[in-house]
Amino acid sequence: MKLGITGLPGAGKTTAFEALTLNFADGANRGEPRIGTVHVPDERVDRLSEMYRPRKTIYAQVAYFLPALTGQAKDKGPDPNAWTAVRDCDALIHVVRNFGGYGFDAPDPAGDFAALDGELVFSDLVVVEKRLERLDLDRKRGKDIDPEERRLLEVCRDHLENERPIRKDPELANARPLRGFALLSAKPMLALVNNEDDDDDLPPTDRLPEGEECMVIKAKLEQELAQMTDAEAGDFLAEFNITASAKDRVIRRSYDLLGLISFFTVGDDEVRAWTVHRGIDAQEAAGTIHTDLKKGFIRAEVVAYDDLMAAGGHAEARKQGTVRLEGKTYTVQDGDIMNIRFNV
């Protein structure tokens, strides 16, 4: 999972990135594009590793990408090419300023969100119009075009011309013919409302972007926390009433936003978490491990994490009847422990 960090200048994007990734840079490199990869904390992986004592333990990972340019100032026109770097991200994290200070206007989270979201919409409109022009040209030249692609692009154009992000129409945002365009406003969006250090609450509803996923982060405070020892961090967490780090909270919210779950493979060699979309079938899940497993899929031996822990081990779970064989169309559940039987 790759998440792109966006926001207007001064919103705290770099501070949030460093708090989330522990990837710190000196002043000379702070304007460069940066990527930080972090483990997804999961106590189930920890307990499975204690049970199997494998040679390797591999957690799921999340990559955060901070582009060199993530938006224009409010008084400048949008640049349709400014967002190319984040088009391959699975979702976008929009850092929104909700703090004051010297040189800052009063915070306007909803207005700032709308300003940058308008840039995403404009950038997508350029992409869609260019593709429609190309399809018209191809048709005039006698080439076959995909009528469904054209219809979907026309629907997108209507949305975008009315300043409506594509993500507001989930069916359209997930339409297969549009996937290759990586439309920015079609990507899931999480707004991180960047508060003052002593402010734990979201702003009133009328100061939030309407209908968007929002959560609070105190980026400067979290950045300082990320550089502390465990002992120092414990006191710090208690003083500022922080129950979980921003990194953990953003990961959990991102999983929910993208509809992701984890299943596990276990053994003496490795215990590993695999990230897949909710609703995936067993054969497709096998393909995330290796294409041969999908191609030669026969059955999946499955036990739920809770059942395995209750039994105390795989052999006992088998005796209790909680280990079962599932076919290709079985819907994988969060926490399933799977062993794929295959033949190629």
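For region 279-342, just say rounded, prolate or oblate: build the C-alpha gyration tensor, square-root its eigenvalues into a ≥ b ≥ c, call rounded for a/c under 1.5, and beyond that prolate if a/b exceeds b/c, oblate if not. Prolate is the answer for region 279-342, as a/c is 1.5 or above and a/b outweighs b/c. Hey, if you put +1 on the Cβ of every Lys and Arg and -1 on every Asp and Glu Cβ in the chain, which of N343, T265, T275 ends up farthest toward the positive end of that dipole? The listed residue farthest towards the positive side: N343.
By the rule of a C-alpha distance below 16 Å, with chain neighbours fewer than 8 residues away ignored, the lysines paired with K294 are K328. Sorted from longest to shortest, the spans of the Cα atoms of region 126-174 along the three principal axes equal 35, 19, 12 Å. The residues neighbouring A300, those whose beta-carbon lies less than 13 Å from its own, together hold a net charge of 0 under the Lys/Arg +1, Asp/Glu -1 convention.
Summary of the geometry: region 1-62 and region 197-259, compared by the centres of their Cα atoms, lie 15 Å apart. What the Cα atoms of region 211-291 give is an Rg and a Dmax of 17.6, 50 Å. Database remark: amide H of C214 closer than 5 angstrom to the amide H of A191 (H placed geometrically; neighbours at sequence offset of 5 or more, or on other chains; Pro and chain starts carry no H).
Considering the zone a paramagnetic label at Y102 would reach in this model (a point 7 Å from Cα along the Cα-to-Cβ line), which residues of region 178-205 have amide N under 20 Å from it? Answer for region 178-205: 196-198. Diffusion of the chain by Stokes-Einstein, at 10 °C in a medium of 1.306 mPa s and with Rh set to the Kirkwood radius over alpha-carbon pairs, works out to 70 µm²/s. Sorting 293-300, 230-237, 310-317, 265-272 by their mean Cβ neighbour count within 10 Å, with the most densely packed peptide first, gives 293-300, 265-272, 310-317, 230-237. Considering only I298, A285, G313, the residue lying farthest towards the positive end of the dipole of region 279-342 is I298, judged by Cα position with unit charges set on Cβ.
With the cut-off at under 17 Å, measuring from each backbone N in region 287-322 to a point 7 Å along the Cα-to-Cβ line of M51 picks out 301-322.
Provide the FRET efficiency to the nearest 0.05 for the E43-E239 pair, computing r from the beta carbons and using R0 = 30 Å. The computed FRET efficiency comes out at 0.75. Students often get this wrong, so check it: of K130/K168; K168/K247; K13/K220; K2/K247; K143/K187; K168/K218, which have C-alpha atoms separated by over 20 Å? Going by Cα-Cα distance, K130/K168; K168/K247; K143/K187; K168/K218 fall outside the 20 Å limit. Looking at region 116-184, the trypsin sites (Lys or Arg not before Pro) that sit in a DSSP loop and have at most 15 other Cβ atoms within 10 Å of their own Cβ are R141, K143.
No value in this document is a laboratory result; all are computed from the given coordinates. What you see is a predicted model, and the numbers here were worked out from it, not measured in a lab. Positions of Cβ are generated from backbone atoms using ideal geometry, with glycine treated the same way; all protein chains shown enter the neighbour counts.
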